[in-house]
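The values are calculated or read from the model by the stated rules, or taken from the named source; none is laboratory data. Since the structure is predicted, the reported quantities are computational estimates derived from the model, not experimental observations. Please note: Cβ atoms are built from the backbone with ideal geometry, for glycine as well, and neighbour counts cover all protein chains shown. Only protein heavy atoms, including side chains, enter the accessible area calculation; ligands, DNA and RNA are left aside. Shrake-Rupley method; radii C 1.70, N 1.55, O 1.52, S 1.80 Å.
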Amino acid sequence: MSNIPLFKSFAVIGAGGNIGKYVVEATENANVLVLTRPSSTAANAPGTQVERVDYADTDAVAAALTKHRVEVVVSAVGFEGHASQGLLAQAAVKAGVQLFVPSEFGVPSYGATEGILGEKSHFVDILKQLRLPYLCLYTGIFTEFFPGLVNVESGKYMIAAEGKTPFSTTAMSDIGGYLAHVLTSLPTSELKNHVLRIEGDRGSLLYFAKLYEGRAPVARVEKLPEDAPHSELSTFLHKRFDTGAGSTRWDIPSGREIEGPNANGLWEGHKWKSVKDVLDL
């Protein structure tokens, strides 16, 4: 086992965000560097190495990665940071990084041509052009965001679609823990230029509505109201779920689900959190 090549040095960008903080926590026993902007005021986990750099300065980012001999870059930037990933990838190439994990963490995107999914797909093409090995992780929606997805704060469980088709959802702590596990335990050859598809729970909007019975009755709407959390994105996802594309096994180019199991089994013995577990319903 000791002769199997494993990655040992990691950099996390966006460590204060939804997924990044869980990746850092789960890799506490590994060699982890946190890259953050000079203006960031986010608290860093105890014992982590931190470099403050301008993400737009490829030379500075490359120097930080080289200084710490980083082998794997994990990009956990939010939507607003996606535009910076191209420069981060260029810096990674300069620094000799061996694997780049783009900020996918959601429904499958490769093959999309429009919107945020199109941006994610295009970035993977950039990584291919740079010949920088990548690992994509499709997780479905973050379970913690589920109440906002159906706007239960309004007192109703809003559905802007038929709501009968199952989709994937995974808790953020499971996503971060899973990513840390595979990065530190799988041979490098099983990670480079691979796509992993996981889900902590699976069901339709109508199926999960049962968890809110007596609390938030189902309300059929054409679109979520503007005062709902991320109303435009939520409405888009509702309608996308109807097509089957909310499943992490969905393949956009072929327009169908990929047969076979997902990659949950790579984290042997782990108990995945359900929607009911996470939201304490």
Virtual paramagnetic centre 7 Å along Cα→Cβ of residue 270, amide N under 18 Å, in the range 98-113
101-108
Could the peptides 50-58, 142-150 be put in order, highest first, of the mean number of other beta-carbon atoms found within 10 Å of their residues?
142-150, 50-58
Stretchable slack from residue 129 to residue 219, in nm (0.36 nm times residue separation minus alpha-carbon distance):
27.8 nm
Given backbone amide H placed at 1.01 Å from N, residues whose amide H is under 5 Å from that of residue 106, ignoring those fewer than 5 places away on the same chain, are 139, 140
Carbon and sulfur: what percent of the range 1-131's accessible surface (1.4 Å probe)?
49 percent
Under a cut-off of 18 Å between alpha-carbon atoms, report the aspartates and glutamates in cross-link reach of residue 67, not counting same-chain residues fewer than 8 places apart.
51, 54, 57, 59
Note the angle between two axes, namely the Cα long axis of helix 58-67 and the longest principal axis of the Cα atoms of the chain, as a number of degrees from 0 to 90, rounded to the nearest 10.
70 degrees
Residues whose placed amide H lies under 5 Å from that of residue 168, excluding near-sequence neighbours
141, 247, 248
Relative contact order %, the range 44-193, counting alpha carbon pairs below 8 Å whose residues are six or more apart:
19 percent
If the convex hull of the alpha-carbon atoms of the range 118-181 is projected onto planes in all directions, what is the mean projected area in square nanometres?
6.3 nm²
Set Lys and Arg Cβ to +1 and Asp and Glu Cβ to -1, take the dipole of the range 89-216 about its Cα centre, and tell me which of 145, 110, 89 lies farthest positive.
89
If you take the square roots of the eigenvalues of the alpha-carbon gyration tensor of the chain and sort them as a ≥ b ≥ c, do you get rounded (a/c under 1.5), prolate (a/b over b/c) or oblate?
prolate
Can you give me the angle between helix 115-129 and the longest principal axis of the chain, using Cα atoms only, in degrees from 0 to 90, rounded to the nearest 10?
30 degrees
Accessible area per residue, Å², the chain with all protein chains present, probe 1.4 Å
48 Å²
Angle check, please: helix 85-94 long axis (alpha carbons) against the longest principal axis of the chain (alpha carbons), in degrees 0 to 90, nearest 10.
20 degrees
Residue-wise, which Karplus ³J(HN,Hα) couplings in Hz belong to the range 272-281, taking 6.51 cos²θ - 1.76 cosθ + 1.60, θ = phi - 60°, and x for glycine or proline?
6, 7, 7, 4, 4, 4, 5, 8, 6, 9
FRET efficiency estimate (nearest 0.05) - Cβ-Cβ, residue 31 to residue 153, R0 35 angstrom:
0.25
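Find the Cα radius of gyration of the range 117-235, compare it with 2.2 N^0.38 Å by division, and give the number to two decimals.
That ratio works out to 1.30.
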With a 20 Å threshold on alpha-carbon distance, the violating pairs from 192/271; 156/276; 164/223; 120/192; 210/271; 239/271 are 192/271; 210/271; 239/271
